[in-house]
Amino acid sequence: MGIIEGRYGPNVVITSVDKVFNWSRSRSLWPITFGLACCAIEMMATSASRFDLDRLGIFFRPTPRQSDVMLVSGTVTVKMAERIKRLYEQMAEPKWVISMGSCANSGGPYWEYGYHVVKGVDLIIPVDVYIPGCPPRPEALIDAFLQLREKIERETIAKKV
Amino acid sequence: MSIKDIDLPVGLTPEKWYEAVDAIESVHGEKMVLQMGPQHPATHGVLRLELETDGELIVKATPHIGYLHRCFEKVCENMTWPQVVPYTDRLDYCASMNNNFGYVLGAEKLFNIEVSERVQTIRVLVAEMNRVASHLVAVGTYGLDIGAWTPFLFLFQAREHLLDLFDELCGGRLLYNYIWIGGLSHDLPDGWLKKVREFIPYFAPKIPELNSLLSYNKIFIERLANVGVIPADLAIRYGVTGPNLRGAGVAWDLRKAEPYSGYETYEFDIPVGKGEVGTVGDCFDRYMVRVNEMVQSIRIIEQALDRLEKMEKDDVQAAIPKTFAKVPVGELYFRTEATKGELGFYMISDGKQKPYRLKCRAPSFCSLSVMKEVSPGLLIADMVALIGSLDVVLGEVDR
Amino acid sequence: MTFTIEDITARLSAHLECALSLEPNSPVPLIIVPPEQLRAAANRLRYDHDLWFEHLNCITGVERAGGYEIVITLFSTKLSMMLNIKVKATGEEPTIPSITDIFPAADWHEREVFDMFGIRFDGHYDHRRILCADDWEGYPLRKNYQPPLFFHDIPVTVNVPGGHQIPVTRVPK
């Protein structure tokens, strides 16, 4: 305590490993380009010039091996479900999932009579943030990323024994 | 025997390459089966292409669809006639006004409902605005597939202005549920027509800018010329319609051939592919047809605005029937010119509140079926150019 | 020269040597063709120089009280006329000859009708499901279709129409 105090001024930052890891992970989330349906167009519009996502550190990667977040945007069908599971398993830890739109949350407008629609992507993979809307506005998608940031900041790298 | 011993003809194109290589027995390797899988940045949705390739050349490409099959037809059998309209939105989600339009016009013909001229003009106006928005997505993402980031950002910025106008009109940016059977869901807000009027001079210089940035760019032309040629007779045999057919040189547009909702009173041209930089019917022609269609749509929008500014306000919901509990019996196939081609609805009514059968004939479904004929002889990079030029939206293909 | 629907029906009947009927009370021209005459009729409509129905717009499968039927919608630019042909198929395994070699556009439409209704098309070169998953059981657009509860361990039916919810476990985070 007495050694560092007052000697090095603003050049020393004292923090915890958790905070550094969480800060760097949350500020640079790289999603996988996983547009399925209409919400994908809103996702593209969010990453375009008006509601820029690049300023939040979000940079879309085509391959699951290089991404942190899976942004399930659109309806999940039974034929696609196995592929989603496989893509999720191919992503490296730490990984998060954002379910965008009401189709991915719970089946959307096809909840009652859609025989080929999976009623919510959380029947297949664990989801962190849900965004309601059909399709959600770009502001809602940005809000979801901010919520995910706050969630990541609450994590810890200490393993439970 | 090696490649050096053969006389390669001058001007060897990829299509001829395969024939030349075929002649050399020892060069043939194993055929590789590649999955251009359902998750791919350049397949415009969840489309799976099974490619059998000999090195980089594609020998056979089989499209597999159904990864977005959302049971539209079964759902609509359980919804009342007006409740089907939001589901038609989600068919071709880039241009949902046109889908609503097609379904509603068919239903109105089946039930003998007439709407006022003002409602017809507003419908034409919003349908053409949505056509511009959809072509902006198609052209912007096409540039993105080929590798050009800048036109994508510029065009989406222009599209945002259009989406703001739609937002003010009916509350939705992408999916509107605006055109109802017998009328519209909302009347025009005050001052909206003036804002649309202001959009036109904002958008007019964007097309020459796009042409100078992307269309006549040497790299773009090299990637697109003579690639994926769909000649006119092949297109007709496979049921390809819309800009894909017009790119092959056939001047067929349902807005001129079987006009609906007052289209016969508007002045506009039909852009047709001319083989500017390569063969007629190649990817560049289809792309240029879309760019020129945007210009023609702006012409229609101007004419519609001129008429609307002079019309008196009336009730846009006047012709909506009070109840759909008992409707006329009949069956009908009605088709309109949506952004991707001929959108047809075969509807069967048995007099009840819900449709007995509603089949949607999607333009992208037929455009995609031609792929197996056109793809042999292409390189894998050309496949990306071909898919982008066909402008498929998987929501329509799989319904 | 212009053709009316009666002219076309008469010409087809003469060519096929079998009487074809028009659907009564139909606002659109609708000719009923027996399944065994379908290929000859399609050939005639496609290649007759006066008729020249080169566009196949749509093939719709319909389930009626007696069985299944398909409606083939054709269009001729020469006559500027749209024509619907209705073909009935009955029995446990309804079968209709395929017209894919005459109209290549029919290829995917026939596969879709098979996927949705279970009507088989004789002579189709690639007869398999197109929209539903490859090993899906059942034909969804049939009126008495019951969707499965599970498909490869994925819960498919959660909200039963008009009723309750089947409890499912969502994957925990």
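Only the coordinates and a few stated rules stand behind these numbers; no lab work does. Remember, it's a predicted structure, so these values are computed and weren't measured experimentally. Here the Cβ positions follow ideal geometry from the backbone for every residue, glycine too, while neighbour counts run over all protein chains shown.
The distance from the alpha carbon centre of the stretch B:89-150 to that of the stretch B:259-320 is 11 Å, rounded to a whole number.
The string of couplings for the stretch B:62-67 from the Karplus curve (6.51, -1.76, 1.60, θ = phi - 60°) is 10, x, 10, 10, x, 7 Hz, one whole number per residue in order, with x for Gly and Pro. The angle between the Cα long axis of helix B:380-390 and the main principal axis of chain B comes to about 20°, on a 0 to 90 degree scale.
Based on DSSP H segments of at least four residues, each scored -39500 (n - 2.57), chain B has a per-residue ellipticity at 222 nm of -13500 deg cm²/dmol. Per residue, the convex hull spanned by the Cα atoms of the stretch B:176-333 amounts to 161 cubic angstrom.
Quick test of the membrane-span-like rule: which DSSP H helices of chain A reach at least 20 Å along their long axis (C-alpha atoms) with mean Kyte hydropathy at least 0.5?
Counting only whole DSSP H runs, no helix qualifies.
Per residue, the convex hull spanned by the Cα atoms of the stretch B:64-103 amounts to 72 cubic angstrom. Distance from the alpha carbon centroid of the stretch C:85-164 to that of the stretch C:1-60 works out to 26 angstrom. Counting only Cβ charges, +1 for Lys and Arg and -1 for Asp and Glu, the dipole size of the stretch B:220-284 around its Cα centre is about 160 debye. Between B:ALA318 and B:SER116, full extension at 0.36 nm per residue minus the direct alpha carbon distance yields a gain of 71.9 nm.
I need the shape label for the stretch A:48-139. Rule: rounded when a/c is under 1.5, else prolate if a/b > b/c, else oblate, with a, b, c from the alpha carbon gyration tensor. It is oblate, given that a/c is not under 1.5 and a/b is not larger than b/c. Within the same chain, lysines fewer than 8 places from A:LYS119 are excluded, and of the rest, those with a Cα less than 23 Å from its Cα are A:LYS79, A:LYS85, A:LYS95, B:LYS74, C:LYS143, C:LYS173.
Extents of the protein assembly as shown, taken as max minus min of Cα coordinates on every principal axis and listed largest first, are 109, 79, 57 Å.
Using Cα atoms only, what is the angle between the long axis of helix C:38-47 and the major principal axis of chain C, expressed in degrees (0 to 90) to the nearest 10? Once rounded, one gets 60 degrees. When the alpha carbon gyration tensor of the stretch B:246-399 is reduced to an equivalent ellipsoid, its three semi-axes come out at 34, 24, 12 angstrom, largest first. When only the Cβ of Lys, Arg, Asp and Glu is charged (+1, +1, -1, -1), the dipole of the protein assembly as shown relative to its Cα centre reaches about 1860 debye. Considering only B:VAL291, B:SER367, B:ASN217, the residue lying farthest towards the positive end of the dipole of chain B is B:SER367, judged by Cα position with unit charges set on Cβ. Computing Rg and the Kirkwood Rh from the Cα coordinates of chain C gives a ratio, Rg/Rh, of 1.10. Simple point charges give the picture: +1 on the Cβ of Lys and Arg, -1 on the Cβ of Asp and Glu, and for chain B a dipole about the Cα centre of about 1040 debye.
Can you give the FRET efficiency to the nearest 0.05 for B:SER212 and A:SER49, using r as the Cβ-Cβ distance and R₀ = 25 Å?
0.85
Sorted from greatest to least, the principal axis extents spanned by the alpha carbons of chain A come out as 69, 44, 25 Å. Translational diffusion of chain B, estimated by Stokes-Einstein from the Kirkwood radius over alpha carbon pairs at 25 °C in a medium of 0.890 mPa s, is 110 µm² per second. Relative intensity of the stretch B:25-120 on a log10 scale, I(q)/I(0) at q = 0.22, 0.25 Å⁻¹, equals -1.12, -1.26, per a Debye sum over C-alpha point scatterers of equal strength in the absence of solvent.
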